[in-house]
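The values are calculated or read from the model by the stated rules, or taken from the named source; none is laboratory data. For clarity, every value in this text was computed on a predicted model and none was experimentally measured. Counting neighbours? That spans all protein chains shown, and the Cβs are built from the backbone with ideal geometry, glycine included.
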Amino acid sequence: MASSKEYLNFILEQLSGLEDITHRAMMGEYVLYYRGKVFGGIYDDRFLVKPTKSAKAMMSDACAENSIKAIPSTTISLNTVVEGM
């Protein structure tokens, strides 16, 4: 199932406090970039974060899914996670 543009816009709105957030559509899903580096994506209308050392430290209670950390967007400030990567 492809991710919706509405969910992408919701996540981008949550990240609007950060500069240099970009995205690219890829095979019905979206890859998210911060300052030109991949930090996660939207897959099947789920926001997934690349499991970097800092992301794991900030989201120690998040569940791993397909080698990527998945977190509900309301659990933690997305800006805090992305800036810490």
Could you list, in sequence order, the residues of the stretch 1-25 that are part of a strand (DSSP E or B), without any contact (Cβ under 8 Å) to a residue 12 or more places away in the chain and among the hydrophobic types (A, V, I, L, M, F, W, C)? 25
Residue 48 modelled with pLDDT under 95 and surrounded by 16 or more Cβ atoms within 10 Å (Cβ to Cβ): yes
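Residues are listed down the side, and each one gets a yes or a no for (1) exposed (fewer than 15 other Cβ atoms within 10 Å of the Cβ); (2) at pLDDT 95 or above; (3) in contact with an Asp or Glu (Cβ under 8 Å, 6 or more places away or on another chain):
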| residue | (1), (2), (3) |
| --- | --- |
| 1 | yes, no, yes |
| 5 | yes, yes, no |
| 9 | yes, yes, no |
| 17 | yes, no, no |
| 27 | yes, no, no |
| 36 | yes, yes, yes |
| 39 | no, no, no |
| 44 | yes, no, yes |
Which one of these does residue 53 not meet: (1) farther than 15 Å from residue 82 by Cβ; (2) loosely packed, with under 10 Cβ neighbours inside 10 Å? (1)
List every residue pair whose Cβ atoms lie under 6 Å apart, where the two residues are 6 or more positions apart in sequence or sit on different chains, the first residue falls within the stretch 48-59 and is within 23 Å of residue 3 (Cα to Cα), and the second residue, located anywhere, is small (Gly, Ala, Ser). 48/40; 48/41; 48/70; 49/40; 49/55; 50/40
